[in-house]
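The values are calculated or read from the model by the stated rules, or taken from the named source; none is laboratory data. This one's a predicted model, so the numbers in the text were calculated from it and none came from an experiment. A quick note on method: Cβ atoms are made from the backbone with ideal geometry, for glycine too, and the neighbour counts reach across all protein chains shown. These accessible areas exclude ligands, DNA and RNA; they are computed on the full protein's heavy atoms, side chains included. Shrake-Rupley method; radii C 1.70, N 1.55, O 1.52, S 1.80 Å.
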Amino acid sequence: MSRGTLRIYLGAAPGVGKTYAMLNEGRRRAQRGTDVVVGFVETHGRPTTAAQLGDLEVVPRKRVSYRGSDFEEMDADAVLERKPSVALIDELAHTNVPGSRNEKRWEDVEELLEAGINVISTVNVQHLESMNDVVSEITGIDQQETLPDAVVRSADQIELVDMTPEALRRRMAHGNIYAPEKVDAALANYFRPGNLGALRELALMWVADHADDALQAYRVAHGIGAPWETRERVVVAVTGAPRGDDVIRRASRVAMRSHGELIGVHVRSTDGLVTADSSGLADQRQLIAELGGEYREVAGGEVAEALVQCARAENATQIVLGASRRPRWVELLRGSVINAVIRASGPIDVHVISPESAASDEADISGLHRSRPAILISRRRRVAAWSIAVAGPLGLTLVLAQLRSTFALPSELLAFLLIVVVVAALGGFVPAAASAVLGFGLVNWFFTPPFYTFTIDEAENLLALIIFLVVAGVVGALVDVAGRRTAEAQRARAEAETLAALGGTLAALDDPLPELVAQLRAAFDLDVVAVLQRGDAAWTVEASAGTPVPAKPDDCDLRIPLQERNVLVLSGEGIRQEDLTVLHSFAGQLRLAVERRQLQANAQRAEHLEEANELRTALLAAVSHDLRTPLSSIKASVTSLLQRDVVWTQHAIREFLETIDEETDRLNHLVGNLLDMSRLQTGALQLVLRDVGLEEIVPGALGSLAERGERVKIEVPETLARVRVDAALLERAIANLVDNALAWSPDDAQVRVEGAEVGDHIELRVVDRGPGIAPEDKVRVFQPFQRFGDRSNGTGVGLGLAVARGFVQAMHGTILLDDTPGGGTTMVVQLPKAPV
């Protein structure tokens, strides 16, 4: 008996239409004459899903008792006995009630497949075991029901049921997924646009990886070695060598432009692209990870062959290499890795990145023209080199003079050559050349017949001496060049790192001047660095690093002008002539930092003046209109009561008193908001934080609204975690939010206040059914004195929301703005949980 086939509809979230698609597929097959039954389908009360059942045969469910309750589960035995051609089974990741034959529904499905029954099922991406922790981090909800990825990957067909977050939220708002009373909570928690977008991307990536695995298996099964350009994959050779970072970044840009993948490959070998710089290799591996790429490490005797084989295995379409820095004669003797890769790549494109391009980029940035630096040799090494250069040949001559009959001239020359090599390694070319000349003379005088003269009888000995002198000079020159190259590389790397850190600091910090001064001192190991500004009477310190801080420029060794009134001063022994270009580059960045600080100060002063002017103007408007109105009403009522020529009825007197009471409360509310806004503006807000429950705060906030609070429905569970807040301030903030919601809602509409626990914070949602807020007004709804027209049912100076946001932010919370499904606005207050 052949095994049945498994077809899975995979969705990113509940409600995208997996069950609907499964039932639709079943009906199509039934209409074509296939024997189809419904093993288990959960409609969740959705009419459109239930309608898709139509006339399909449904296998009755079995009832399982557990802890005194009855539960319905799929009757796998009944399906096996019925033995249809196709069984429709919903919710593949479902956990069966304890006491069932199998723990998971997918295990029941395995039995059906083994019996030769074809199965069509559904599952969401959050149920995949590999995605469980990621989904929990995104949504803040732990998924209890999961199944192994291998179960889904083993399916014969996987079809993604996709829907945009906006469309899914519309379906939710229309009541097509959950009951109306659950819609708001779902939209505020699991079904947020960001959550749905992230879940959708996870589902797309998982299906793409599955399709890629299937494609790779097909290519292997059919012996297809050439890459198929189904997706751009860029392989970059990673060597750990200098400038390798630039090659990796260039490869990353190539991959990004083609919306492809970046794969870094390092070949473990002793030749070719491999270098011995393990620290550089680790840094470049980290860089690949930061750029969103993947790292591979392979072993191979031939670097080019191993690299191309890895690229073919990854189905790569492009290979990026850095140009070789080896001398031409080395390439002629040992071959070129780049040429070998190009010959073996076949249809794979090969890009060779020139190292000069990176150098030119750096020159454009820094504007430096470096002179040839001297070899960085310490004084102790130079003294040791010259000492050995003189004493070594003399001492060796004394030893060999006693053994003249034992050693021949070639051995004696090799001994002198060894001294030259040691001297070159310690002190460079000049002491090595001096040692070679001294050795030449000593060998000629003491060891070349006739002895104790500079005359040489045999041509063979003359040739040996000449070769000794040439070899000694070449060795000394090579060591000198190697030392010079090392010094150049060290200096170039140090300058590049310094300038890169310099640019990053300037871009990352709002006020980079102190950090730049500290970097300059550390880079050149200086005693003190400072930026001074000339005042009317004395110099002031803008920023400094090191001690003692100079009081004026004359107290330091070096001065570099920055601006008309600013100067950079430095003191220390670490300043060399060749460092001046980098110092001037630093000075240019410091000049920009000083200018930025001045511009920020001017902008801050202008902003404060503008805010003060706006506050003054708005306050005058509030006093002239919003505060005058309740005062006028109070004055009119009191004046009427004081009239002696009019006899007022008890009903009229009561109306006057109620007017005075209402307008006094309104005036008190307006003045309170003005005072609160003043406290927020001046930073005079004092917090008294303690752990409280929202179920204690919300009723007190509504109590301040008197009879208007009766239109508010509270849904704040007592089981919510406590929050650490200032209870009085939070009560004022909630009262302002609810008052705003009541003002904008119709008189016959309720305002709901809901509390929920989401991740590591508590959310309080104030939901109204008003006209909503236009998108262009959402960015300024929390600004002071904002009155969007005269549509609300309340009055005020437009400070309620601004005060509420200020209070909540002072307690380390946030207020977000959301649209109410069906019309209206929802204010979302997010507060951190109190520590346990």
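Per the Debye formula with a single identical scatterer at each Cα and no solvent contribution, what log10 I(q)/I(0) holds for the range 118-198 at q = 0.27 Å⁻¹?
For the requested q values the scattering log ratios are -1.28.
Applying 1/(1 + (r/R0)^6) with R0 = 22 Å to the Cβ-Cβ distance of residue 522 and residue 380, what FRET efficiency is obtained, to the nearest 0.05?
0.30
Round to a whole angstrom and tell me the spacing of the C-alpha centers of the range 122-147 and the range 693-751.
34
Could you tell me what percent of the accessible area of the range 22-75 is made up of carbon and sulfur, with a 1.4 Å probe and every protein chain present?
44
Grab the Cα-Cα distance for residue 598 and residue 142, subtract it from 0.36 nm times how many residues apart they are, and report the gain in nm with one decimal.
Answer, rounded to one decimal: 159.1 nm.
Rank these residues by their accessible area, most exposed first, probe 1.4 Å: 656, 807.
Final ranking, largest accessible area leading: 656, 807.
For the range 294-310 and the range 1-79, compute the distance between their C-alpha centroids and round to whole Å.
One Cα centre to the other: 50 Å.
Packing-wise, with mean Cβ within 10 Å as the measure, how do 232-242, 164-174 rank, highest first?
So the peptides 232-242, 164-174, ranked by packing, come out 232-242, 164-174.
Which residues does the label zone of residue 689 cover in the range 751-766, counting backbone N under 16 Å from a point 7 Å along Cα→Cβ?
761-762
Under a crude label model (7 Å from the Cα following the beta-carbon direction), how far is residue 466 from residue 70 in nanometres?
11.5
What FRET efficiency do you get for residue 63 and residue 758 if R0 is 30 Å and r is their Cβ-Cβ distance, rounded to the nearest 0.05?
Approximately 0.25, to the nearest 0.05.
At residue 80 and residue 696, where each label point lies 7 Å from the Cα along Cα→Cβ, what is the point-to-point distance in nanometres?
It works out to 5.8 nm between the two label points.
For the range 77-204, give the magnitude of the charge dipole about the Cα centre (Cβ charges: +1 Lys/Arg, -1 Asp/Glu; no others), in debye to the nearest 20.
Here the size comes out at about 520 debye.
For the range 422-467, take every pair of Cα atoms, bin their distances at 5 Å starting from 0, and report each bin as a whole percent.
With a bin width of 5 Å, the distribution comes to 5, 23, 24, 19, 13, 11, 5, 0.
Which FRET efficiency, nearest 0.05, do residue 414 and residue 533 yield, Cβ-Cβ r, R0 60 Å?
Approximately 0.35, to the nearest 0.05.
Run the 1.4 Å probe and let me know the accessible area of residue 8, rounded to the nearest 10 Å².
It works out to around 0 Å².
What's the extension gain from residue 648 to residue 256 if we count 0.36 nm per residue and subtract their Cα-Cα distance?
So the chain would gain 132.8 nm between residue 648 and residue 256.
For the range 378-460, what is the per residue volume of the convex hull drawn over the alpha-carbon atoms, in cubic angstrom?
84
State the Kirkwood hydrodynamic radius of the range 1-125 in Å, one decimal place, computed from all pairs of distinct Cα atoms.
So the Kirkwood estimate lands at 14.8 Å.
Once you have the Cα-Cα distance between residue 405 and residue 773, take 0.36 nm times their residue separation minus that, and quote the gain in nm to one decimal.
Full extension of this stretch gives 121.7 nm more.
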